[in-house]
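Enquirer: This is the structure I have questions about; it appears just below.
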Amino acid sequence: MNAMEKRFPTRINFRRGQVDMTHGSGGRAMAQLIDELFVKHFDNDFLRQGNDQALFTPPGGRLVMSTDGHVVSPLFFPGGDIGSLSVHGTINDVAMSGARPLYLSAGFILEEGFPLADLERIVASMAAASKEAGVPVVTGDTKVVERGKGDGVFITTTGVGVVPDGLEISGSNARPGDAIIVSGPIGDHGVAIMSSRENLSFDTTIVSDSAALHGLIAAMVAAVPDINCLRDPTRGGLAATLNEIAFQSQVGMRLEEDSIPLRPEVDAACELLGLDPLYVANEGKLVAICPTEKAEKLLAVMQSHAQGAEAAIIGQVIADDLGFVTMETGFGGTRIVDWLAGEQLPRIC
């Protein structure tokens, strides 16, 4: 009998079992869940130490840290699930500073009665995304709430990365005359979530764009280190992201509607659902703002990468004390692209 069998003579039934309150009690059941689920899938030297923290030595440079809570509904959707999404989202938040993501932590809030089969599916997906990105989950926590007081699974992830000295990428660095670039078609994630949530079907399956973007960003920074701003347009979509940057940098922006990449099926779905794609969330796209003279070089680098193959220059930063974002429409008019007034798509990440 090995050490695991001596400690836990009966294995967890992941096929038919459910989360119960003992899985968050701090006792034997919780220790067994950690060993047979989390350590099994996330397996790395830090987790095997069995401590309440991960001790590591960061490489040279400045540390970057970001945290994000994930409450997406439904938990599983075309192109991903809450597990892979929680990894991609936090890696991207760290990487938007130009940093190299190093490590992740993960906190799980589980509802009593949640199927263990679904939990294992989520954890396995999360582990696969982490390993593919080369950013391990090195520490974590699990809590269980009573039936009816949660919604299956909530996940909080925190990421740590390192940004090289001399690299200064910030939402406050946009300057009049800078070019605005988006890495690909917008709106895929939000429409995939909504179509799955409402059981809508289209001729072409709309799949979430959820992906870790640090590889693309590393290539961009290596080629054009004087990128001014990077941001992933998640909640609130492209519109919210550009308004945030305009506010931080005290500038305005002018967009060209016909230059903004948008898949026809996403456009059609937005029209059917009454959504404006500018405000629909993305989980695998980024906005880059750089000096105009570097824009074509940066665009070429992005288009040579799989995650930026459909990148496009969509507008320009302008001087505007009021910080308006405007757009030249395909009909020749101009519209203000304002902040989102309400919640267009709740629980999309």
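The values are calculated or read from the model by the stated rules, or taken from the named source; none is laboratory data. Not measured: the values here are computed from a predicted model. Here Cβ is always computed from backbone atoms with ideal geometry, including for glycine, and neighbour counts include all displayed protein chains. For the accessible areas, the whole protein counts, side chains as well, though only heavy atoms, and no ligand, DNA or RNA atoms are used. Shrake-Rupley method; radii C 1.70, N 1.55, O 1.52, S 1.80 Å.
Enquirer: Identify the single condition in (1) touching a residue at least 60 places away in the same chain (Cβ under 8 Å); (2) part of a helix (DSSP H, G or I); (3) touching a strand residue (DSSP E or B) at 6+ places or on another chain (Cβ under 8 Å); (4) not β-branched (Val, Ile, Thr) that residue 125 does not satisfy, given that it satisfies every other one.
Expert: The single condition residue 125 does not satisfy is (1).
Enquirer: Right, here's the next one. Is it fair to say residue 344 is surrounded by 13 or more Cβ atoms within 10 Å (Cβ to Cβ) and at pLDDT below 95? Don't jump to the end; show me each part of the working.
Expert: Working: surrounded by 13 or more Cβ atoms within 10 Å (Cβ to Cβ): yes; at pLDDT below 95: yes.
So residue 344 passes the test.
Enquirer: In this structure, is residue 146 surrounded by fewer than 18 Cβ atoms within 10 Å (Cβ to Cβ), touching a residue at least 12 places away in the same chain (Cβ under 8 Å) and either in contact with a Phe, Trp or Tyr (Cβ under 9 Å, 6 or more places away or on another chain) or farther than 16 Å from residue 212 by Cβ (or both)?
Expert: Values: surrounded by fewer than 18 Cβ atoms within 10 Å (Cβ to Cβ): yes; touching a residue at least 12 places away in the same chain (Cβ under 8 Å): yes; either in contact with a Phe, Trp or Tyr (Cβ under 9 Å, 6 or more places away or on another chain) or farther than 16 Å from residue 212 by Cβ (or both): yes.
Yes.
Enquirer: Please indicate, with yes or no, whether at least one residue in the stretch 154-165 is under 30 Å from residue 268 (Cβ atoms) and either of a type in the set (Phe, Trp, Tyr) or touching a Ser or Thr at 6+ places or on another chain (Cβ under 7 Å) (or both). So that I can check it myself, show each step before the final result.
Expert: Initial filter on the stretch 154-165 (under 30 Å from residue 268 (Cβ atoms)): none.
Looking through the stretch 154-165, none of the residues is under 30 Å from residue 268 (Cβ atoms) and either of a type in the set (Phe, Trp, Tyr) or touching a Ser or Thr at 6+ places or on another chain (Cβ under 7 Å) (or both).
Enquirer: Condition test on residue 295, is it small (Gly, Ala, Ser) and touching a strand residue (DSSP E or B) at 6+ places or on another chain (Cβ under 8 Å)?
Expert: Numbers: small (Gly, Ala, Ser): yes; touching a strand residue (DSSP E or B) at 6+ places or on another chain (Cβ under 8 Å): yes.
The answer is yes for residue 295.
Enquirer: Would you kindly identify the helices (runs of 4 or more DSSP H) lying entirely within the stretch 1-106 that contain at least 2 residues that are within 29 Å of residue 210 (Cβ to Cβ) and either without any contact (Cβ under 8 Å) to a residue 60 or more places away in the chain or open to solvent by 70 Å² or more (accessible area, probe 1.4 Å) (or both)?
Expert: Numbers: elements: 3-7, 28-33, 45-48, 82-95.
Counting at least 2 such residues, we get 45-48.
Enquirer: Here's something else I'd like to know. For the stretch 292-299, does any single residue satisfy the condition of being farther than 19 Å from residue 216 by Cα and either in contact (Cβ under 8 Å) with a residue 12 or more places away in the chain or assigned to a loop (DSSP other than H, G, I, E, B) (or both)? Write out each step before concluding.
Expert: The first filter runs over the stretch 292-299 and keeps only residues farther than 19 Å from residue 216 by Cα, leaving 292-293.
Imposing the further condition that a residue be either in contact (Cβ under 8 Å) with a residue 12 or more places away in the chain or assigned to a loop (DSSP other than H, G, I, E, B) (or both) reduces the set to 292.
Scanning the stretch 292-299 turns up at least one residue that is farther than 19 Å from residue 216 by Cα and either in contact (Cβ under 8 Å) with a residue 12 or more places away in the chain or assigned to a loop (DSSP other than H, G, I, E, B) (or both).
Enquirer: Shifting gears a bit: Taking the residues in the stretch 317-341 that are assigned to a loop (DSSP other than H, G, I, E, B) and of a type in the set (A, V, I, L, M) as candidates, determine which candidate is surrounded by the most Cβ atoms within 10 Å (Cβ to Cβ).
Expert: Looking at residues that are assigned to a loop (DSSP other than H, G, I, E, B) and of a type in the set (A, V, I, L, M), I get 337.
Enquirer: Find all pairs meeting these conditions: Cβ atoms under 8 angstrom apart; at least six residues apart or on different chains; first residue within the stretch 248-269 and in contact (Cβ under 8 Å) with a residue 24 or more places away in the chain; second residue of a type in the set (Lys, Arg).
Expert: These pairs meet every condition: 249/175; 251/175.
Enquirer: To continue, here is another question. Name the residues in the stretch 255-282 that are part of a helix (DSSP H, G or I) and in contact with a Pro (Cβ under 6 Å, 6 or more places away or on another chain), would you?
Expert: First, the residues of the stretch 255-282 that are part of a helix (DSSP H, G or I): 257-259, 264-273, 277-279.
Correct list: 270 only.
Enquirer: Now a separate question. Against the conditions (1) at pLDDT below 95; (2) touching a Gly at 6+ places or on another chain (Cβ under 8 Å), where does residue 2 fall short? Just the number, please.
Expert: (2)
Enquirer: Further question on the same structure: Please determine whether any residue of the stretch 71-90 is under 14 Å from residue 135 (Cβ atoms) and among the β-branched types (Val, Ile, Thr).
Expert: yes
Enquirer: Now a separate question. Would the stretch 107-118 turn up any residue that is under 19 Å from the mean Cα position of the chain (by Cα), buried (at least 19 other Cβ atoms within 10 Å of the Cβ) and in contact (Cβ under 8 Å) with a residue 60 or more places away in the chain?
Expert: No, the stretch 107-118 has no match at all.
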